[in-house]
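Asks: What follows is a single structure, and I will ask about it in a moment.
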Amino acid sequence: MVNTCEAYLTEQNFYDYQLLSTLGFFESDVDEYKKLSEIEDAEGSQSVDALVDLGDNAGVYTIRSLPETINLPSLVAGRMPAADNECLADDEAFGEEMIGQTISLSEENDKDTLDSFSDDEFVIVGLVNSPLYLNDDRGSSSIGSGSVDGYLYLPKDAFTSDVYTEMFLTLRETAPIYTDAYDTLIDEQEDQVSDLCRQLAADRYDDLLEESGLPEEMAADYGIEKPDTYVLTRAENTGYISFENDSAILSGIANIFPLFFVLIAMLVCITTMTRMIDEERTQIGVLQALGYRNRVIVAKYLLYAGSATFLGWLFGFFLGTYALPQIFWFAYNSLYDFASMDYLFDPLYAVLTFVVSLASILGCSYVACRRDFSSKPANLIRPLPPKNGKRIFLERITVLWIM
């Protein structure tokens with residue numbers, strides 16, 4: 001699961017930092033981040049929560065500008081937009097029957113929201129998954145019912161403002177997701193990213209004061225407030241953290257279950273080999289009397305157990321490592337439907353499971369053989385005497401039988 005998620009996030013170029021500022025960002029701010037040696041790429045983005053009419057129903061949707069390099073959505077059905085009045089829709093919130101349908105901004109939106117777009121009607125031309133929403137949680141909003149029903153992607157030219165509401169960054173250096181190495185990498189660069197974000201916001205604030213001609217102590221009275229900035233990481237992304245928690249739970253199960261399976265296999269092996277040797281004790285005695293050494297006779301049973309172990313491992317490993325992840329992925333499909341499961345073959349696990357299986361089964365087989373092979377041939381040729389009877393616990397409670 002983690003391997004599938006990492007491959008998907010890498011392909012879609014998922015962000016490392018998300019920057020927010022109450023004064024927004026400009027293209028010049030994006031260029032400043034691109035100058036940093038540790039930053040691989042930077043891209044400004046616009047997002048607006050709006051009420052959208054879908055026939056007779058209206059819902060709250062996050063409308064985002066279509067990215068060019070970072071957080072690329074993956075196309076599920078349809079095509080990419082070719083005009084400013086075309087959009088991509090959330091695959092979880094819309095069905096393929098909606099492709100080609102026209103949606104419109106509700107008149108219940110405030111004027112600022114309506115003025116944010118160059119048009120109030122858009123045609124759905126494709127359905128997508130977004131790395132920003134790995135699970136089914138679409139976030140909350142201050143409008144409508146308070147919850148977001150889905151998201152839409154519009155071309156950047158469909159937005160009327162040149163101010164970005166957020167900025168996304170990716171680091172030049174990478175590390176596997178959900179590891180201490182990645183967390184360390186993020187921590188090392190976060191101070192530099194935060195300092196520049198605050199500096200750019202402060203510069204923008206000074207420019208606004210200069211343009212207004214107001215002293216700083218009077219700026220707040222006229223609506224020019226000191227900016228607040230926020231630097232978020234993947235740890236603040238709900239879908240990313242939710243996937244980490246769920247995959248960690250399955251990882252814990254995967255660390256425990258094989259132990260039970262091995263113990264059960266060992267128990268079955270001991271029972272089977274003991275019964276087989278008991279049934280063939282006369283033959284074993286004859287072979288010993290004819291001069292065959294114990295190690296030669298034991299080899300027969302170890303070969304039987306070893307061949308069964310090899311076949312069990314061969315089918316169990318390759319069928320299990322393919323089918324079991326698909327079953328779990330199908331079970332989690334209602335929450336995470338961003339990509340199909342990738343098959344992961346790990347040579348180390350293959351060798352390790354084979355060695356553990358072979359050692360445990362052969363060990364149990366040898367233990368089952370030792371008792372009879374320590375007897376003399378004459379004793380083995382004779383029929384096995386019946387076992388002594390044993391009284392059960394209820395028989396010892398005499399009062400029950402007197403009544």
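The values are calculated or read from the model by the stated rules, or taken from the named source; none is laboratory data. Keep in mind it's a predicted model, so treat the numbers as computed, not measured. Every residue, glycine among them, receives a Cβ derived from its backbone with ideal geometry; neighbour counts consider all protein chains shown.
Asks: Identify the residue in the range 105-127 that is under 25 Å from MET80 (Cβ atoms) and among the aliphatic types (A, V, I, L, M) and, among all such residues, is farthest from the chain's Cα centre (by Cα).
Replies: That would be LEU105.
Asks: Among the residues of the range 254-310, how many are in contact with a helix residue (DSSP H, G or I) (Cβ under 7 Å, 6 or more places away or on another chain), among the β-branched types (Val, Ile, Thr) and within 30 Å of GLY320 (Cα to Cα)?
Replies: Summing the residues that are in contact with a helix residue (DSSP H, G or I) (Cβ under 7 Å, 6 or more places away or on another chain), among the β-branched types (Val, Ile, Thr) and within 30 Å of GLY320 (Cα to Cα) in the range 254-310 gives 4.
Asks: I've got another one for you. Restricted to the range 209-233, and to residues that are touching a strand residue (DSSP E or B) at 6+ places or on another chain (Cβ under 7 Å) and either outside any strand (DSSP E or B) or β-branched (Val, Ile, Thr) (or both), which residue is nearest to LEU171 (Cα to Cα)?
Replies: THR233
Asks: I've got another one for you. Do you know which of the residues in the range 211-234 that are free of Cβ contacts under 8 Å to residues at least 12 places away in the same chain and of a type in the set (Gly, Ala, Ser) is farthest from MET341 (Cα to Cα)?
Replies: Applying the filter and picking the extreme gives GLY213.
Asks: Among residues belonging to the range 1-48 that are of a type in the set (A, V, I, L, M, F, W, C) and in a loop (DSSP other than H, G, I, E, B), point out the one that is nearest to PRO227 (Cα to Cα).
Replies: Here the answer is PHE26.
Asks: Do you know which of the residues in the range 176-203 that are touching a helix residue (DSSP H, G or I) at 6+ places or on another chain (Cβ under 8 Å) and over 30 Å from ASN245 (Cα atoms) is surrounded by the fewest Cβ atoms within 10 Å (Cβ to Cβ)?
Replies: Across the range 176-203, the extreme among qualifying residues is LEU196.
Let's see how each residue does on (1) closer than 19 Å to THR238 by Cβ; (2) in the same structural domain as LEU66 (by TED's automatic domain parsing); (3) among the aliphatic types (A, V, I, L, M); (4) exposed (fewer than 15 other Cβ atoms within 10 Å of the Cβ):
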residue	(1), (2), (3), (4)
ALA83	no, yes, yes, yes
ASP90	yes, yes, no, no
GLU96	no, yes, no, yes
GLY100	no, yes, no, yes
ASN109	no, yes, no, no
PHE122	no, yes, no, no
ARG138	yes, yes, no, no
ASP157	no, yes, no, yes
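Asks: Within the group VAL351, VAL399, which residue is outside the structural domain of PHE14 (by TED's automatic domain parsing) and modelled with pLDDT of 85 or more?
Replies: VAL351
Asks: Give me the helices (runs of 4 or more DSSP H) completely within the range 305-403, filtered to those with at least 1 residues that are over 30 Å from ASP278 (Cα atoms) and over 27 Å from the mean Cα position of the chain (by Cα), ordered by residue number. Can you show your working first?
Replies: Details: elements: 347-373, 377-381, 398-402.
Helices (runs of 4 or more DSSP H) meeting the threshold: 398-402.
Asks: Only one of ALA265, ALA289, ALA323 is modelled with pLDDT of 85 or more, of a type in the set (A, V, I, L, M, F, W, C) and assigned by TED's automatic domain parsing to the domain that holds ASP346. Can you tell me which?
Replies: Being modelled with pLDDT of 85 or more, of a type in the set (A, V, I, L, M, F, W, C) and assigned by TED's automatic domain parsing to the domain that holds ASP346 holds for just one of ALA265, ALA289, ALA323, which is ALA323.
Asks: Restricted to the range 49-72, and to residues that are out of contact with any Leu (no Cβ under 8 Å at 6 or more places or on another chain) and outside any loop (DSSP other than H, G, I, E, B), which residue is surrounded by the fewest Cβ atoms within 10 Å (Cβ to Cβ)?
Replies: Among residues in the range 49-72 that are out of contact with any Leu (no Cβ under 8 Å at 6 or more places or on another chain) and outside any loop (DSSP other than H, G, I, E, B), the one surrounded by the fewest Cβ atoms within 10 Å (Cβ to Cβ) is ASN57.
Asks: Right, something else. If a residue has to be surrounded by fewer than 10 Cβ atoms within 10 Å (Cβ to Cβ) and hydroxyl-bearing (Ser, Thr, Tyr) to count, how many in the range 367-399 make the cut?
Replies: Total meeting the criteria: 2.
Asks: While we're on this one: With the requirement that a residue be closer than 20 Å to LEU66 by Cα, of a type in the set (D, E, K, R) and part of a loop (DSSP other than H, G, I, E, B), what does the range 94-135 give you?
Replies: ASP119, ASP120
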